Amino acid sequence: MWVLEGMMSFTGIDTLEHMDVEGGPGARLRVARERGLAFRREFATTGTPDSIVTRDLVTLPYPTRFGLFRASRAIAPFLSITNRMLVIRWHEGDRERILLFEPSDHEYGRYTPYFEDLSGRTPDVIERRMVKVHGTVPGHLERLGIAPADVDYLMFDHLHTQDLRRWIGATPYFPNAKVIVQRDELSALNELHPLQKPWYQPSTYRDLPAEAFLPIDGSVVLGPGVAVIKTPGHVFGNQSLVVNTSTGIWVSSENVIAAEALTPEHSKLPGLASWTRRWQQEVVLNANTVETTADQYNSIILEKTLADRSQADPRFLQFFPSSELTGAWTNPGTRPTFSHGQIVH
């Protein structure tokens, strides 16, 4: 491993460097499995963070054809996903570090072009039934006794729907926090492709201070039992959280929306098990954007290789979707076979 210049607390993961080998996506898939197994052994030796807690933010509708790609046979055009925030603490010498993973400002996130358009076409009475707010980032932190000034890092698996102005803007709620982001995703905001435009709010980033961002290139260990790995595909600069806990290794991102999407052969969702047999594809992508679909598939295999099996049901892995499929009577055929709900450590 190598130490990032100027950031002595972050250690680069050389095992996961240079994954873009020659030979096409099939060769990269093989490398993802091999390197994933090697890093899994390394990562387990880094220790564990002090604590992890999970807090629900919002449940909202999401197209079934996106969340379960081509596999679902559900009659419901929409399913529900619940976006959650992880609060992770560890010590760096005598100093405590606090990372917020997925601290979404869902009040501003609703102005993302896709969701703003969907809201405009949905009667208010139906929208109220489909959208449920569980809490806000400030409210959850206050109840946890965490002062905004004590938060060191904010991180998202990608910047779809995110408006960060209240968090790091002119009068920042988090005055000392840095946003950990892959450099290539940050760069992409300058000139979005048509496939990307419905999901970003680029104008909200124009006046944000550059020093509030901490761009990284690739995969790094942030602290004991806490890492971010680059998982391109869902977006070019996608990244996943990896944590080592009392129950083993967890991985979190929005590459899939349900743990059973990593082992669809055990899913009772209509169509998933038969689809994976028919097409010999072992994962079901969350595919609202198909920027680089083969790379997303390979990234999910990397995540699958790293995650330990669930102690609640070993058929499923300790993959925690940052927005997890949530059953609702309004969405027949989309109730998950298995869900985690939270990570506790």
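Data overview
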| quantity | calculated |
| --- | --- |
| Unique residue being assigned to a loop (DSSP other than H, G, I, E, B), buried (at least 22 other Cβ atoms within 10 Å of the Cβ) and in contact (Cβ under 8 Å) with a residue 24 or more places away in the chain when the list is ALA71, ALA76 | ALA71 |
| Any hit, the stretch 172-186, residues being small (Gly, Ala, Ser) and either at pLDDT below 95 or open to solvent by 80 Å² or more (accessible area, probe 1.4 Å) (or both) | no |
| Count of residues meeting criterion [open to solvent by less than 30 Å² (accessible area, probe 1.4 Å) and among the aliphatic types (A, V, I, L, M)] in the stretch 27-68 | 8 |
| Exclusive hit being of a type outside the set (S, T, N, Q) and more than 29 Å from VAL226 (Cα to Cα), set PRO103, PRO77, PRO49 | PRO77 |
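The values are calculated or read from the model by the stated rules, or taken from the named source; none is laboratory data. Nothing here was measured: the structure is a model prediction, and the numbers come from that model. Here Cβ is always computed from backbone atoms with ideal geometry, including for glycine, and neighbour counts include all displayed protein chains. Just so you know, the surface numbers come from the protein's heavy atoms only, side chains and all, with ligands and any DNA or RNA stripped out. Shrake-Rupley method; radii C 1.70, N 1.55, O 1.52, S 1.80 Å.
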